[in-house]
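Q: Supplied in structure tokens, the structure appears directly below.
The values are calculated or read from the model by the stated rules, or taken from the named source; none is laboratory data. These figures come from a predicted structure and were not determined experimentally. So basically every Cβ, Gly included, is an ideal-geometry build from the backbone, and we count neighbours across all protein chains shown.
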Amino acid sequence: MFPELGQWSLILSLLVAVSLAIVPLLGSYLRLEGWMRFADRATRVQFALVLLSFVILTLAFLQKDFSVAYVAQNSNTALPWYYRISAVWGAHEGSLLLWVLILCGWSIAVSLKGHELPLAFRARVLAIMGWVSTGFLAFITFTSNPFLRLFPAPAEGRDLNPLLQDPGLVIHPPMLYMGYVGFSVAFAFAVAGLLDGKLDSRWVRWARPWTNLAWAALTGGIVLGSWWAYYELGWGGWWFWDPVENASFMPWLAGTALLHSLAVTEKRKLFTSWTVLLAIITFSLSLLGTFLVRSGVLTSVHAFTSDPSRGLFILIFLAVMAGGALTLYAWRAPRLVVQQPFGLFSREVLILAGNIFLVLAMVVVLAGTLYPLVIDLLGASKISVGPPYFHTVFPLVLTPLVLLMPMGPFTRWKQDEPRRVVKLIWPGVLLTVVVLAVFALQMHQWSAYGLLAAAAGSWVLGGTLNYFWQRQRKARERVLGVGQMPSGVVGMILAHAGVGVFLLGVAMTESQSIEKDVRMAPGEQVELVGYQFRFLGAQHAEGPNYQAEQGTVEILKNDQVIATLHPQKRMYVAGGKPMTEAAIDAGFSRDLYVAMGEALGTDGAWAIRVYYKPYIRWIWLGGIFMLLGGIVAATDRRFRLAEQAVALREQKLALQEG
Amino acid sequence: MNPKRKRRLLLVGLLLLGVSAAVALTLTALKENVSLFITPADIAAGRIPQGNQFRVGGIVVANSVKRDSDSLHIQFDVTDGAGTVRVDYTGILPDLFREGQGIVAQGSIENGIFKANEVLAKHDEKYMPPEVAEALKRANTPAPHPTGAQ
């Protein structure tokens, strides 16, 4: 009975979404207040209905209701309860439901927080988000119904993909979707602005914290995915340039550009049409990412299904949304252009340059991701684009970006003197040299690439620390406390420092890692940079829903045991799937990584991977800094004061009219 | 020309320059860094791409896997039904590597043997790399496992 209720509530929510997409929009043109106010109510009802079907699906998982096909395919009686919950978004249908739930969550947040916005504008923003939810709810209802029944119901389910049975993967999809979907707010603002024919800088200011939060969530999602791939896939890599990773990286790059150009548009009323274009592109890339992952056109670890009708649906939806928005843009964007004087050396120009390189980087990733698809469609041949392509092109695009980064904050709006900025940047150069020396001294093998990447990281980190220091000094002169820095600035400093930390991590990991695949019999040992890895043999072990061979590896340094690791080779009972569970001795400045390959011969020997990964944690640490930066910046008081000002003006207007 | 227009021209010029440089760079890098996918039948027929590394995919032939007893060196045969090629690899194979399973190997041909530096098998026993599925279809060999599509 319950699953049908879930399905009904899903269909109802689709109807509500359709009305949300149409009624308030018409109301805003016909100036019917009731129709516009309908947006708020519809958003609420839509959220409640989608939440209901999500809860019902979750209950079906918790109650092991295998009469529901989706539950039977993705869970099992032996699966622990927490993984039965995360299994809700463990495959195609449920993860789309989560996508829509989060979209409805963002919509309701805009509706609740948006009372300061003019009614017509709010109605349009919500209606546009309604278009998006209409598309996805129709997609679920017509092609991917998670409540489909199986008759007769099987006694036992298959299993959740063992790769997904992991704490990191419980939160990775929700975080990632928060980011993807969060950009729909900026998208809706941009399209509403185009419909209006003007984009008030107060509304731009209002849109900024939302974009910050979406960006922070996307950053978090990507970091979690990278961390998970590192410890769970058993290859010890942190990024594979896998098409699905690229699918999340493209909106991130465009979103980063959007964050910065929004700042310019708000502060200087410049680049309005560029900002609008970026908002459209960023969300379109989120949709493209969803298409790439869901359609199965790409060969990837994430490609669950290859159902052509699903791919076609998303492709058409993408074409309608992105195509429609871009057409509207071509038609209306000229109206948004406001002439403002600015000099060739000014903060806005530096930000614009940074923006261009971010977009170029995005295009590079896009080209590498879509090129094989295009070649295949043309029927020429089947090819794949691998890391070498990205490793060749990406550093070239990133170099100017890295050079600009520490300079932007020092440079004034409108017009500045290069000489003044150079004088301020000097201490940063000294810091750069110090940081670089610290890392270069720890390099045990020569690598030009490593040194260059470390120099880039040092430059960004040193330059950012220098800015922080100078800003603090200035604040003290004005007799202001440490906490007086606007949180927008604090967020920027955190995020920029995060980029530096990330680059240093990449430099060390990529150039100084040592990876060895060895055959080890019990008692044998192998040495990596002063660490002895001693294999003591493997024993049988059992988990709740798997059997395993568990190895014991002792790590010694200067003849002292510093860690004992237990990597596993698991066999999941339900699906019969093998899995490599790596064991890691994690540290601030290095990780020691051990994973089991396969049993060899009769003497208890195993093929074993032993890795030494210096500073790999810094990669994710940098990501966490960026994420925190995004959140801190979103809390800036200036955004809220702006809201109050808008509200006040609205009240005054209402009084005058009344 | 007034200074405003001059400045705009400069910006647009820089933009165009940057974009065209990036496009040229991207296309060159793409051309040099892609790896072509070929089938065992292609190799049997002597259609081997020059120079670069490429990928070959197919089913691991039953009872063809031979492992050295004292190292990680391994050899196995891969077939698409129309042709068979021997693959030579040193290292750890993916979890889902087994006889009868579809795999993709990356490397190059040396003396008729495919020297692989990477062997991929996807993380789902139902899953068949699309290239392999298609190669099998072309050679009219029924896939031993259902492909992902249902």
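Q: Taking the stated definitions as given, is B:A45 touching a residue at least 60 places away in the same chain (Cβ under 8 Å), more than 10 Å from chain A (Cβ to nearest Cβ) and closer than 27 Å to B:Q106 by Cα?
A: Against the criterion (touching a residue at least 60 places away in the same chain (Cβ under 8 Å), more than 10 Å from chain A (Cβ to nearest Cβ) and closer than 27 Å to B:Q106 by Cα), B:A45 does not qualify.
Q: Got at least one residue in the range A:230-237 being assigned by TED's automatic domain parsing to the domain that holds A:L373, touching a helix residue (DSSP H, G or I) at 6+ places or on another chain (Cβ under 9 Å) and assigned to a helix (DSSP H, G or I)?
A: No, because not a single residue in the range A:230-237 is assigned by TED's automatic domain parsing to the domain that holds A:L373, touching a helix residue (DSSP H, G or I) at 6+ places or on another chain (Cβ under 9 Å) and assigned to a helix (DSSP H, G or I).
Q: Between a residue in the range A:375-399 that is within 30 Å of A:V499 (Cβ to Cβ) and modelled with pLDDT under 80 and any residue that is assigned to a helix (DSSP H, G or I) and not polar (S, T, N, Q), which pairs come within a Cβ distance under 7 Å, given they are 6 or more apart or on different chains?
A: From residues that are within 30 Å of A:V499 (Cβ to Cβ) and modelled with pLDDT under 80, the pairs are A:S384/A:P372.
Q: Let me ask something else about it. I'm checking my understanding of the structure. Among residues of the range A:584-629 that are of a type in the set (G, A, S) and in contact with a Pro (Cβ under 7 Å, 6 or more places away or on another chain), which one is farthest from the other protein chains (Cβ to nearest Cβ)?
A: Taking the candidates together, the pick is A:S589.
Q: B:T84 - would you say it is more than 11 Å from chain A (Cβ to nearest Cβ), of a type in the set (V, I, T), surrounded by 15 or more Cβ atoms within 10 Å (Cβ to Cβ) and under 23 Å from A:D376 (Cα atoms)?
A: Criteria not met by B:T84.
Q: Enumerate the strands (runs of 3 or more DSSP E) found wholly within the range A:504-583, keeping only those where 1 or more residues are touching a residue at least 24 places away in the same chain (Cβ under 8 Å), in contact with a Pro (Cβ under 6 Å, 6 or more places away or on another chain) and assigned by TED's automatic domain parsing to the domain that holds A:T602.
A: A:531-542, A:546-557, A:568-572, A:578-581
Q: Is it true that A:A217 is over 20 Å from A:L287 (Cα atoms) and either not in a helix (DSSP H, G or I) or not polar (S, T, N, Q) (or both)?
A: Answer is no for this residue.
Q: Any idea which of (1) part of a loop (DSSP other than H, G, I, E, B); (2) at pLDDT 85 or above; (3) of a type in the set (K, R) is the one B:R98 doesn't satisfy?
A: (2)
Q: Quick check, is B:A29 within 9 Å of another protein chain (Cβ to nearest Cβ), buried (at least 16 other Cβ atoms within 10 Å of the Cβ) and modelled with pLDDT of 75 or more?
A: Yes: the conditions hold for B:A29.
Q: Further question: If I ask for residues that are at the interface with chain B (Cβ under 7 Å from one of its Cβ atoms) and either surrounded by 15 or more Cβ atoms within 10 Å (Cβ to Cβ) or part of a helix (DSSP H, G or I) (or both), which ones from the range A:373-387 would you list?
A: The answer is A:K382, A:I383, A:S384, A:V385, A:G386.
Q: Can you pull out the residues in the range B:48-78 that are within 30 Å of A:Y371 (Cβ to Cβ) and at the interface with another protein chain (Cβ under 8 Å from one of its Cβ atoms)?
A: The one that is within 30 Å of A:Y371 (Cβ to Cβ) and at the interface with another protein chain (Cβ under 8 Å from one of its Cβ atoms): B:R55.
Q: Oh, and also: Determine the pairs where a residue that is over 16 Å from A:K613 (Cα atoms) and touching a residue at least 60 places away in the same chain (Cβ under 8 Å), located within the range A:438-453, has a partner that is surrounded by 12 or more Cβ atoms within 10 Å (Cβ to Cβ) and not hydrophobic (A, V, I, L, M, F, W, C) with Cβ atoms under 6 Å apart, the partner being 6 or more residues away or on another chain.
A: Note: pairs meeting the criteria are A:Y449/A:S511.
Q: Assess whether A:P578 counts as being within 13 Å of another protein chain (Cβ to nearest Cβ), of a type outside the set (A, V, I, L, M) and surrounded by 14 or more Cβ atoms within 10 Å (Cβ to Cβ).
A: yes
Q: Would you call A:V365 buried (at least 18 other Cβ atoms within 10 Å of the Cβ) and of a type outside the set (D, E)?
A: yes
Q: Name the residues in the range A:7-27 that are surrounded by fewer than 23 Cβ atoms within 10 Å (Cβ to Cβ) and small (G, A, S), would you?
A: A:S9, A:S19, A:A21, A:G27
Q: Pick from the range A:129-178 the residues that are among the hydrophobic types (A, V, I, L, M, F, W, C) and within 14 Å of chain B (Cβ to nearest Cβ): which of them is farthest from A:G225 (Cα to Cα)?
A: Going through the qualifying residues, I end up with A:L150.
Q: Confirm whether B:I92 is assigned to a strand (DSSP E or B) and within 14 Å of chain A (Cβ to nearest Cβ).
A: Here the answer is no, as B:I92 does not meet what is asked.
Q: Just wondering, is there one or more residues in the range A:86-97 that are over 23 Å from A:A279 (Cβ atoms), outside any helix (DSSP H, G or I) and in contact (Cβ under 8 Å) with a residue 24 or more places away in the chain?
A: Yes, the conditions are met somewhere in the range A:86-97.
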